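Notes follow the structure.
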Amino acid sequence: MEWSADAGWARPRIVPFHEFDIHPFNSTLHYAFEGFEGMKAYRDPNGKIRTFRPEKNAARLNETSKRICFPTFDPNEFVKCLDEFLRIEEPWVPEEPSTLYIRPTIMSLTDVLGVHPPNKTMLFVTASPSEIYFKNGLNPIKVKIETEATRAWPGGTGDVKVGANYIMGITQTKAAAKEGIDQLVWLNKDRITEAGACNLYVYWINKDNQKELVTPMLDGTLLPGITRQSILDLTKDDKRFTSCEKKVTVKELVKAHKEKRVKLCVRVVAGNVYMRDGGGDKAGGFDSV
């Protein structure tokens, strides 16, 4: 679906998969005028196709659009288009635990050199069958805290989903992979933010000797994950523990681990939750929270 400053949004179309012809001066190529979302379609035990809060992905893509001076759209209309897309592509949705990965993308179609808001853009959606994200499946992954490089910073674009966020840490991610590390955990000064492809939760006994499920607070440097927020929504009234978002420093986490107060570490990625106990010798997981 294309947009222009003169005509606004064109009518949405669903067409066969095809390649794009890109002008060499296209501002997406030169100035990273693009953003995207990541979501999934699942086939439930009865064979019905389901998605997980797609309106939230649409709303988050609108926030990305605003940040990079792109036009916004009606999230409800986006979901209607997505439903029709999935009706047509239903045969491509695999059985669990695999899913159909859906990638809504916004990009500039302005073909002029110069850094200025684009006067022509496009929103398109592609999809592909996908297996579980991590090669270890539901088993624990190896993470490393990155202490030298910074992926995002206050006032930057860490809280929206633009490709530039991911390229910032690719050198460190490549080096970590050679060490057998699956994900890097990024910091804002001494505070934990998120891993490269997932939000983080820690279930621990806090310094006040209370059971607490905590995730790093949104400070402009990490993505407001949809599964992340869903967990907060589902657990806010749980009487067995307190659920919250707050600043979590590396020093606090290390201290809690040494004192055996960390009971569970959780990684949250695009509609999936993977858990690891504090001792690191057990693993479990479940999809579609």
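Annotations for the structure displayed:
- Selection status of Asn46, open to solvent by less than 30 Å² (accessible area, probe 1.4 Å) and more than 15 Å from Phe85 (Cα to Cα): no
- For the range 262-289, the set of residues classified as outside any strand (DSSP E or B), at pLDDT 50 or above and open to solvent by 40 Å² or more (accessible area, probe 1.4 Å) consists of Ala270 only.
For every residue, the table says whether it meets (1) at pLDDT 95 or above; (2) open to solvent by 50 Å² or more (accessible area, probe 1.4 Å).
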site: Met1; (1), (2): yes, yes
site: Val15; (1), (2): yes, yes
site: Val79; (1), (2): yes, no
site: Ser98; (1), (2): no, no
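- Count - residues of the range 106-146 that are within 22 Å of the chain's Cα centre (by Cα) and outside any loop (DSSP other than H, G, I, E, B): 15
- Residues of the range 160-217 satisfying the condition of being among the aromatic types (Phe, Trp, Tyr) and either over 19 Å from the mean Cα position of the chain (by Cα) or within 20 Å of Glu245 (Cβ to Cβ) (or both): Trp186, Tyr201, Tyr203, Trp204
- Meets criteria (over 30 Å from Gly155 (Cα atoms), of a type in the set (Asp, Glu) and out of contact with any strand residue (DSSP E or B) (no Cβ under 8 Å at 6 or more places or on another chain)) for Asp83: yes
- Any hit, the range 103-111, residues being over 24 Å from Ala5 (Cα atoms), modelled with pLDDT under 95 and either touching a helix residue (DSSP H, G or I) at 6+ places or on another chain (Cβ under 8 Å) or surrounded by fewer than 15 Cβ atoms within 10 Å (Cβ to Cβ) (or both): no
- Condition check for Arg67: among the basic types (Lys, Arg), over 26 Å from Leu234 (Cα atoms), open to solvent by 80 Å² or more (accessible area, probe 1.4 Å) and without any contact (Cβ under 8 Å) to a residue 40 or more places away in the chain: no
- The listed residue being out of contact with any strand residue (DSSP E or B) (no Cβ under 9 Å at 6 or more places or on another chain), among the acidic types (Asp, Glu) and closer than 20 Å to Lys251 by Cβ, out of Glu194, Glu212, Glu148: Glu148
- Residues that are open to solvent by less than 20 Å² (accessible area, probe 1.4 Å) and within 27 Å of Leu253 (Cα to Cα), drawn from the range 123-140: Phe134, Gly137
- Subset of the range 17-43 that is touching a Ser or Thr at 6+ places or on another chain (Cβ under 9 Å) and among the charged types (D, E, K, R) - its residue that is least open to solvent (accessible area, probe 1.4 Å): Glu37
The values are calculated or read from the model by the stated rules, or taken from the named source; none is laboratory data. On a predicted model such as this, the values are computed, not experimentally measured, just so you know. In this analysis, Cβ positions are derived from the backbone assuming ideal geometry, glycine residues included, and neighbour counts consider all displayed protein chains. In case anyone asks, the SASA skips ligands and DNA or RNA and just uses the protein heavy atoms, side chains included. Shrake-Rupley method; radii C 1.70, N 1.55, O 1.52, S 1.80 Å.
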